[in-house]
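Colleague: My structure is below; once you've seen it, I'll send some questions.
The values are calculated or read from the model by the stated rules, or taken from the named source; none is laboratory data. Everything quoted here is computed from the prediction, not taken from an experiment. Note: ideal-geometry Cβ built from the backbone for every residue, glycine included; neighbour counts use all protein chains shown. Keep in mind that these areas ignore ligands, DNA and RNA; they rest on the heavy atoms of the full protein, side chains included. Shrake-Rupley method; radii C 1.70, N 1.55, O 1.52, S 1.80 Å.
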Amino acid sequence: MAFESEAWSKLLEPLLAAGRAAGADLVEVFLEHVDHLSILAEQDIITSVSPAFGMGAGLRVFRGNRDGFVSTNDLSEAGLAAALDQALAMLGLQRPSSAGSAQFGGLQRLRDYGATKQQWLQSCPNLTEASGHLLAATNQLQRHGSHLQSRRGSYARNWQEVLVVASDGTHARDIRLHQTVGLSVLASDADHRASLSRRYGSTDNPDDLRHWDGEASATDLCSSAATMLYADYVQAGQFPVVLANRFGGVIFHEACGHLLETTQVERGTTPFAKKVGELIAHPAVTALDEGLSSGAFGSLAMDDEGMEPQRSVLIENGVLQRFLSDRAGELRTGHPRTGSGRRQSHAFAAASRMRNTFIAAGPHTPAELIASVDQGLYCKSMGGGSVGPTGQFNFAVEEAYLIEAGQITKPVKGATLIGEAKEVMPRISMCANDLELAAGFCGSVSGSVNVTVGQPHIKVDTITVGGR
């Protein structure tokens with residue numbers, strides 16, 4: 001039964017009324033139907049196919065500053081009622097024996113963002129077609145690469161139908177479609193090693209994999225692997241760094257973006273909690289988070305609390321403007337909701353999370369940033385890393401080059417960028433005019449969600465670079 005059916009509202013309205021009659025300030029139900037497929041190709045063989053299907057509900061009740069959350073796969077009337085009873089019990093509440101008086105005026109008219117998306121799942125590449133694209137790409141890696149010990153390609157398609165209802169009248173439905181494809185290689189020659197990867201992803205287009213230029217992606221990756229295979233190791237030290245656009249934005253996302261979510265304010269782990277209206281970054285930096293960019297991997301027609309996403313200017317000319325907030329964040333911190341309530345699935349309560357998060361374009365060209373550095377490092381491609389609870393970070397650099405006398409010179413490998421958000425943000429002194437976004441996934445308190453990170457080329461005046 002599709003979630004736009006009136007039968008669901010008839011089932012859920014009494015549940016919301018019962019929760020209100022029990023003394024809850026607000027009752028929220030998140031329904032989900034998912035159809036997921038992932039495929040892995042290694043060398044020239046499909047080695048893994050993982051389909052997943054499911055339905056479930058997450059029920060949350062609020063009273064004062066507290067909330068209780070329960071998830072269930074039983075979507076029957078009895079199953080949902082049992083989940084509500086458990087959530088109420090977490091707050092010391094129970095449903096009255098009779099209907100009683102409930103401050104619930106019924107659901108609003110359905111806001112159906114999924115009405116035009118009904119055929120998306122059927123329009124996606126099937127298993128045979130998707131596997132063919134992956135095998136063609138791993139074959140292109142073999143054609144364009146050298147000294148490759150391993151070649152891998154991966155594809156994931158996630159289709160999700162959601163319905164959000166709440167006792168404040170919220171009644172909204174959406175269908176989401178996200179597809180990602182990735183390539184990775186390990187090159188080896190005697191004592192020389194290089195491991196690199198690329199990921200591409202977007203939302204709301206069933207034909208994305210069909211339009212992907214696998215040969216161009218393979219050529220780009222193999223070129224980088226060949227360059228880095230014989231590169232010397234970088235010398236550790238502190239010096240200026242120019243970070244490339246696209247996935248270079250992962251550092252801002254991880255080291256600073258999370259500190260601007262109200263979940264961090266609630267925990268007391270962000271150093272920026274009392275800094276709204278104050279300078280926390282260089283005046284060259286303006287940073288935003290939004291869910292509106294067409295096709296971007298983090299875009300949403302509505303968040304997982306049924307609210308339309310907003311364009312949120314987080315930092316403007318270095319000054320902190322606002323935090324990203326969900327329903328619980330607004331309740332507990334006072335920061336207004338921004339359409340940022342997100343969750344991996346019905347098994348998680350929503351929390352304030354980023355969507356498309358990026359540093360805005362500046363007035364300079366990338367060449368001007370590089371020319372301003374006498375001795376430093378150009379980071380063309382970022383790898384994985386780790387972030388501490390208050391913004392300490394270290395990120396590996398997959399592909400890097402020395403900058404000498406304002407020119408990019410020889411490649412180097414083994415670089416790690418080390419720092420802390422509150423120290424590094426004031427050192428981003430120049431932003432170029434070539435903003436681009438890149439797809440990724442973000443893990444936090446409400447699970448793993450799809451996001452985009454981004455930035456133009458940026459210059460950091462000084463940062464600790466780990467190496468040999």
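Let's see how each residue does on (1) open to solvent by 90 Å² or more (accessible area, probe 1.4 Å); (2) within 13 Å of Pro14 (Cα to Cα); (3) outside any loop (DSSP other than H, G, I, E, B):
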site: Arg60; (1), (2), (3): no, no, yes
site: Ser71; (1), (2), (3): no, no, yes
site: Leu75; (1), (2), (3): no, no, no
site: Leu80; (1), (2), (3): no, yes, yes
site: Ala87; (1), (2), (3): no, no, yes
site: Gln94; (1), (2), (3): yes, no, no
site: Phe104; (1), (2), (3): no, yes, no
site: Gln108; (1), (2), (3): yes, no, no
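Colleague: Can I ask one more? Looking at Gly339, Gly295, Gly384 in this structure, which one is under 16 Å from the mean Cα position of the chain (by Cα), surrounded by fewer than 19 Cβ atoms within 10 Å (Cβ to Cβ), assigned to a loop (DSSP other than H, G, I, E, B) and not assigned by TED's automatic domain parsing to the domain that holds Asp67?
Modeller: On the way: Gly339 fails: surrounded by fewer than 19 Cβ atoms within 10 Å (Cβ to Cβ); Gly384 fails: assigned to a loop (DSSP other than H, G, I, E, B).
Of Gly339, Gly295, Gly384, the one residue that is under 16 Å from the mean Cα position of the chain (by Cα), surrounded by fewer than 19 Cβ atoms within 10 Å (Cβ to Cβ), assigned to a loop (DSSP other than H, G, I, E, B) and not assigned by TED's automatic domain parsing to the domain that holds Asp67 is Gly295.
Colleague: Also: Exactly one condition in (1) in a loop (DSSP other than H, G, I, E, B); (2) open to solvent by less than 60 Å² (accessible area, probe 1.4 Å) is not met by Gly376; state its number.
Modeller: Going through the list (1) in a loop (DSSP other than H, G, I, E, B); (2) open to solvent by less than 60 Å² (accessible area, probe 1.4 Å), Gly376 breaks only (1).
Colleague: Can you pull out every residue in segment 387-431 that is over 19 Å from the mean Cα position of the chain (by Cα) and of a type in the set (Phe, Trp, Tyr)?
Modeller: Tyr401
Colleague: Considering only residues that are surrounded by 24 or more Cβ atoms within 10 Å (Cβ to Cβ) and more than 15 Å from Gln321 (Cα to Cα), which ones fall in segment 271-292?
Modeller: Once the filter is applied, which keeps residues that are surrounded by 24 or more Cβ atoms within 10 Å (Cβ to Cβ) and more than 15 Å from Gln321 (Cα to Cα), segment 271-292 yields only Gly291.
Residue-wise test of (1) outside the structural domain of Gln142 (by TED's automatic domain parsing); (2) free of Cβ contacts under 8 Å to residues at least 60 places away in the same chain.
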residue: Ser197; (1), (2): no, no
residue: Gly201; (1), (2): no, no
residue: Asp207; (1), (2): no, no
residue: His211; (1), (2): no, yes
residue: Gly214; (1), (2): no, no
residue: Ser217; (1), (2): no, no
residue: Asp220; (1), (2): no, yes
residue: Asp232; (1), (2): yes, no
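Colleague: Let me ask another. Only one of these conditions is not met by Asp220: (1) part of a strand (DSSP E or B); (2) among the charged types (D, E, K, R); (3) open to solvent by 10 Å² or more (accessible area, probe 1.4 Å). Which number is it?
Modeller: It fails just one condition, (1).
Colleague: Here's a follow-up. Looking only at segment 241-282, which residues are among the polar types (S, T, N, Q) and outside any loop (DSSP other than H, G, I, E, B)? Full working, then the answer.
Modeller: Step one: of segment 241-282, the residues among the polar types (S, T, N, Q) are 245, 262-264, 269-270.
The answer is Thr262, Thr263, Gln264.
Colleague: Regarding segment 172-191, can at least one residue be identified that is in contact with a strand residue (DSSP E or B) (Cβ under 8 Å, 6 or more places away or on another chain), surrounded by 17 or more Cβ atoms within 10 Å (Cβ to Cβ), touching a residue at least 60 places away in the same chain (Cβ under 8 Å) and more than 28 Å from Ser294 (Cα to Cα)?
Modeller: There is no residue in segment 172-191 that is in contact with a strand residue (DSSP E or B) (Cβ under 8 Å, 6 or more places away or on another chain), surrounded by 17 or more Cβ atoms within 10 Å (Cβ to Cβ), touching a residue at least 60 places away in the same chain (Cβ under 8 Å) and more than 28 Å from Ser294 (Cα to Cα).
Colleague: Could you tell me how many of the residues in segment 402-427 are of a type outside the set (D, E, K, R) and farther than 29 Å from Ser217 by Cβ? If you could, list the steps in order and put the result at the bottom.
Modeller: Let us first name the residues in segment 402-427 that are of a type outside the set (D, E, K, R), namely 402-403, 405-409, 411-412, 414-419, 421, 424-426.
Applying the additional criterion that residues be farther than 29 Å from Ser217 by Cβ yields 405-406, 418-419, 421, 424-426.
So the count comes out to 8.
Colleague: Considering only residues that are part of a loop (DSSP other than H, G, I, E, B) and farther than 14 Å from Asn245 by Cβ, which ones fall in segment 404-446?
Modeller: Selection gives Ala405, Gly406, Gly414, Ala415, Val445, Ser446.
Colleague: Are any residues in segment 192-217 open to solvent by less than 50 Å² (accessible area, probe 1.4 Å) and in a strand (DSSP E or B), and if so, which ones?
Modeller: Ala194, Leu196, Arg198, Gly201, Ser202, Thr203
Colleague: Also: Would you mention how many residues in segment 404-416 are in contact with a Gly (Cβ under 8 Å, 6 or more places away or on another chain) and surrounded by 23 or more Cβ atoms within 10 Å (Cβ to Cβ)? It would help to see each step written out before you state the result.
Modeller: The first filter runs over segment 404-416 and keeps only residues in contact with a Gly (Cβ under 8 Å, 6 or more places away or on another chain), leaving 412, 414-416.
This time we only want the ones that are surrounded by 23 or more Cβ atoms within 10 Å (Cβ to Cβ), so: 415.
Count: 1.
Colleague: Moving on to the next point. Anything in segment 26-58 that is among the acidic types (Asp, Glu) and in a strand (DSSP E or B)? List them, or say none.
Modeller: Filtering segment 26-58 for residues among the acidic types (Asp, Glu) gives 28, 32, 35, 42, 44.
Within segment 26-58, Glu28, Glu32, Asp35, Glu42 meet the criteria.
Colleague: Turning to a different aspect of this structure: Against the condition out of contact with any Lys or Arg (no Cβ under 7 Å at 6 or more places or on another chain), of a type in the set (Gly, Ala, Ser) and closer than 16 Å to Arg173 by Cα, how does Gly19 come out, does it pass?
Modeller: Numbers: out of contact with any Lys or Arg (no Cβ under 7 Å at 6 or more places or on another chain): yes; of a type in the set (Gly, Ala, Ser): yes; closer than 16 Å to Arg173 by Cα: no.
For Gly19, the condition - out of contact with any Lys or Arg (no Cβ under 7 Å at 6 or more places or on another chain), of a type in the set (Gly, Ala, Ser) and closer than 16 Å to Arg173 by Cα - is not met.
Colleague: Further, regarding this structure: Have a look at Leu141, Leu93, Leu148, Leu121 and point out the one that is in contact (Cβ under 8 Å) with a residue 12 or more places away in the chain and outside the structural domain of Arg176 (by TED's automatic domain parsing).
Modeller: Numbers: Leu141 fails: outside the structural domain of Arg176 (by TED's automatic domain parsing); Leu148 fails: outside the structural domain of Arg176 (by TED's automatic domain parsing); Leu121 fails: outside the structural domain of Arg176 (by TED's automatic domain parsing).
Step by step, each of Leu141, Leu93, Leu148, Leu121 is checked, and only Leu93 is in contact (Cβ under 8 Å) with a residue 12 or more places away in the chain and outside the structural domain of Arg176 (by TED's automatic domain parsing).
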